[in-house]
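Heads up: the structure comes next, in structure tokens.
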Amino acid sequence: MKRLQIKTAQNVNINFTLANVGMRLLAFVVDNVLKFAYLYFVYYVFDFQVVERVFSGDHWTAQAVGILVLIPVTFYSLYSEILLDGQTVGKKLLKIKVINEDGFKPSITDFIMRWLLRIVDFNLFILLAVYMYSLGLEHEDLIMGVCFIVGKLVGLLLIIFTNKNQRFGDIIANTIVISLKDEAKFSDTILMHLTDTYLPTYPNVIQLSDNDVRIIKDTFASARKFNDYKTLIKLRSKIIEVTQITSKHKSDSEFIDTVLKDYNYYTQRM
């Protein structure tokens, strides 16, 4: 699978594994099975035809009820990704997730943009086919069939052939879909080895986030490797500024190492 390296504002490189076309296609299938299951339940189990008969004399009311029934399906991917932090049910099962190209959670505007542009990825050529059909051209059925198939393949082909496995909606919204499957080494995570007798020193470390700690750990490892004492000083100052910790260590390295261990201690026991 393709990997993407993102440089954070702190000049720390973070590697992500991009979700391949197979994973995204399977997630798409799962989500559509859920949509069809919902429609089947509404129209056959719930017997939506009864509702249509009740409002048979009021065409506009019947249409309005039909639209209301379709809203959960129409907006499914949009509200799912917003509420589930970049995932739908299908994406959760396949362990993939939408993030922006900077490595963080997309904004609601980003989610809306990539949802709206599904019309390009999956339905643009269908609209073109309808237009061509209205012109009364020869071989209308063939034209409609070809346009339908090609229209459904636009997003798939873009995912296959773009460098970041992006469909058109992803490109415009500056989003990517990553794999959450754990292929990283222990040293690449925020986890630290702690002994059973370890006692923490700085309770305020819980004010940090997982992403903060990942950046701190990566920066710390790089600074120690190249004996970059200036970076260690800046890192120590930034940690103190954010957490309001009063340092009990004279050494920058010892202080930062303790902060990382303390964070692991408290978060693993919460």
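The values are calculated or read from the model by the stated rules, or taken from the named source; none is laboratory data. Given the structure is predicted, the values throughout are model-derived calculations rather than measurements. Positions of Cβ are backbone-derived with ideal geometry, glycine not excepted, and every protein chain shown enters the neighbour counts.
Structure data summary
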| quantity | calculated |
| --- | --- |
| Pair list, Cβ < 8 Å and 6+ apart or interchain, from region 35-47 residues that are modelled with pLDDT under 85 and of a type in the set (Ser, Thr, Tyr) to residues that are loosely packed, with under 15 Cβ neighbours inside 10 Å and assigned to a helix (DSSP H, G or I) | 43/49 |
| Condition check for residue 119: under 21 Å from residue 29 (Cα atoms), at pLDDT 75 or above and within 27 Å of the chain's Cα centre (by Cα) | yes |
| Residue identified as modelled with pLDDT of 90 or more and over 21 Å from residue 18 (Cα atoms) among 137, 158, 208, 142 | 208 |
| Tally of residues being under 17 Å from residue 200 (Cα atoms), of a type outside the set (A, V, I, L, M, F, W, C) and more than 29 Å from the chain's Cα centre (by Cα) across region 228-249 | 5 |
